[in-house]
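As structure tokens, the structure follows; a few thoughts come after it.
The values are calculated or read from the model by the stated rules, or taken from the named source; none is laboratory data. Keep in mind it's a predicted model, so treat the numbers as computed, not measured. Note: ideal-geometry Cβ built from the backbone for every residue, glycine included; neighbour counts use all protein chains shown. When the accessible area is computed, the model is the full protein with side chains, heavy atoms only, and any ligands, DNA or RNA have been set aside. Shrake-Rupley method; radii C 1.70, N 1.55, O 1.52, S 1.80 Å.
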Amino acid sequence: SFLDNIEDLMYESDKPMLSTTITPKMLDKLSHRQLETVSASQTANQLLSGLLPDVSDFMTNIAIQETVLGKDRSEVSYSPFQIDPIRYQDVQERGRTGDAGERTSFVNEFLRNQGYGEDFDILNLPLDEIREPLIGALITRLSLGNIEEEIPKDLEGQADYWKRNWNTIIGEGTRKKFKKNIKYLNRIL
């Protein structure tokens, strides 16, 4: 059962905004999909730790803002991180060469070894497959890896970064709502 493998979900970042250690309190308050989302964020960052800095806390914050950690689902965007078709197309285009290509190859090898099939290619998926938390987290990490600007550690900086680079200036989300949602979930967990 899911709870038998709880150690596989354990992880702790050096300076978490939201503690990413799966705690008994989280087990009581979060759904299976929400726990999967936290774990997927951590897995994506651990996998790419030799190639990219750990931003699992920020990715968790994205998922909190976009979908309440995977609780809300959209028909327009995909995964708990709300990857839209344009963002996925950007990952596809950039992920074929250079450093981004190296990261993509690493992700593909990992997923092939996890049983996704010997021909699995994260750059060639039907959009519905991106709904899975782990696939969405890996695409999110690849996408964030394409942005040269460093992700801030503080909540105020992350709200600004999220608005500029994820939600975009024309998106409906606000910095204020981002901070409010993160603080709320931190308080209940």
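Residues that are charged (D, E, K, R) number at least 2 in the following helices (runs of 4 or more DSSP H) confined to region 83-180: 85-94, 98-111, 155-162.
Go through the residues of region 124-147 one by one and say whether even a single one is more than 20 Å from Val91 (Cα to Cα) and surrounded by fewer than 17 Cβ atoms within 10 Å (Cβ to Cβ). Within region 124-147, not a single residue is more than 20 Å from Val91 (Cα to Cα) and surrounded by fewer than 17 Cβ atoms within 10 Å (Cβ to Cβ).
Give the residues of region 46-82 that are part of a helix (DSSP H, G or I) and not polar (S, T, N, Q), sorted by residue number. Of everything in region 46-82, those that are part of a helix (DSSP H, G or I) and not polar (S, T, N, Q) turn out to be Leu47, Asp57, Phe58, Met59, Ile62, Ala63, Ile64, Glu66. Within region 95-114, is even one residue among the hydrophobic types (A, V, I, L, M, F, W, C), under 27 Å from Gln34 (Cβ atoms) and in contact with a strand residue (DSSP E or B) (Cβ under 8 Å, 6 or more places away or on another chain)? Scanning region 95-114 turns up no residue that is among the hydrophobic types (A, V, I, L, M, F, W, C), under 27 Å from Gln34 (Cβ atoms) and in contact with a strand residue (DSSP E or B) (Cβ under 8 Å, 6 or more places away or on another chain).
Taking the conditions (1) touching a helix residue (DSSP H, G or I) at 6+ places or on another chain (Cβ under 7 Å); (2) over 26 Å from Ile64 (Cα atoms); (3) surrounded by fewer than 18 Cβ atoms within 10 Å (Cβ to Cβ) in turn, Arg94 satisfies each one other than (3).
Somewhere in region 162-180, is a residue crowded, with 20+ Cβ neighbours inside 10 Å, at negative phi and among the aliphatic types (A, V, I, L, M)? No, because not a single residue in region 162-180 is crowded, with 20+ Cβ neighbours inside 10 Å, at negative phi and among the aliphatic types (A, V, I, L, M). From the list Ile130, Ile147, Ile151, Ile122, the one residue that fits, being closer than 21 Å to Ala40 by Cα and touching a strand residue (DSSP E or B) at 6+ places or on another chain (Cβ under 8 Å), is Ile130. Within region 148-173, the only residue that satisfies the criterion of being β-branched (Val, Ile, Thr) and at pLDDT 95 or above is Ile151. Within region 25-54, residues that are within 21 Å of Asp99 (Cα to Cα) sit with their Cβ atoms under 7 Å from residues that are assigned to a loop (DSSP other than H, G, I, E, B) and open to solvent by 40 Å² or more (accessible area, probe 1.4 Å), at 6+ positions apart or across chains, in these pairs: Asn45/Asp54.
Considering region 48-85, the residues that are modelled with pLDDT under 90 and more than 21 Å from Asn167 (Cα to Cα) include one that is surrounded by the fewest Cβ atoms within 10 Å (Cβ to Cβ), namely Gly50.
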